[in-house]
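Trainee: This is the structure I want to talk about, given as C-alpha cells.
Read-outs throughout are calculated quantities, based only on the coordinates presented, and are distinct from any laboratory measurement. What you see is a predicted model; the values in this text were computed from it and never measured. Positions of Cβ are generated from backbone atoms using ideal geometry, with glycine treated the same way; all protein chains shown enter the neighbour counts.
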Amino acid sequence: MHEHCPSCDLRYEVEPGFFYGAMYISYAFTVGIMLVGGIFVFNVLNDPPAMGYVVPITIFSLIMVPFNFRTARVLFIHGFSGISYNQDSIKK
Ligand SMILES: [Zn+2]
C-alpha cells in the first residue's frame, strides 16, 4: 500500500496505528466468508465430515486475505479518518 496518495499526496495513515481499527472490519469480512462458506459446503458437498468444512473454508479465506486487507482499510479510512474528498487537491 502506498504511504501517500499518488494523485493528491494525502498521507493515508493519519496517525500512528490508525489502521489497527481496520482489523475489526477485516475480521467481520472473514467471519462472513466462513459463514457463507460453511452454508455453501453444507449444501453443495452434502454435509461432509469436519475436515470437509475446515479445508475449503480455510483455503478460500486465505485467498481472500488481500481483498479483505485492502477493502477493510478503504472502508476504515472513509468511515473514521475525517478526511473528505476534495476535487481541487488532485495533481495535474
Ligand atoms: Zn488522493
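Trainee: Using the beta-carbon distance between Glu13 and Phe40 and R0 = 30 Å, what value does 1/(1 + (r/R0)^6) give for FRET efficiency, to the nearest 0.05?
Mentor: Using R0 = 30 Å, I get an efficiency of 0.25.
Trainee: Now for a different question. Please state the relative contact order of region 18-82 as a whole percent: Cα pairs under 8 Å, 6+ residues apart?
Mentor: 52
Trainee: Treating the angle as unsigned and between 0 and 90°, give the value, to the nearest 10°, between the Cα long axis of helix 22-44 and the longest Cα principal axis of the chain.
Mentor: Between the helix axis and the principal axis of the chain, the angle is about 30 degrees.
Trainee: Next question. Can you compute the helix-only [θ] at 222 nm over the chain? Use -39500 (n - 2.57) per DSSP H run of at least 4 residues, normalise by all residues, nearest 500 deg cm²/dmol.
Mentor: -19500 deg cm²/dmol
Trainee: Can you run phi through the Karplus equation (6.51, -1.76, 1.60; θ = phi - 60°) for region 51-68 and list ³J(HN,Hα) in whole Hz, with x for Gly and Pro?
Mentor: The phi angles translate into 5, x, 8, 4, 5, x, 5, 5, 4, 5, 4, 5, 5, 7, 4, x, 5, 4 Hz.
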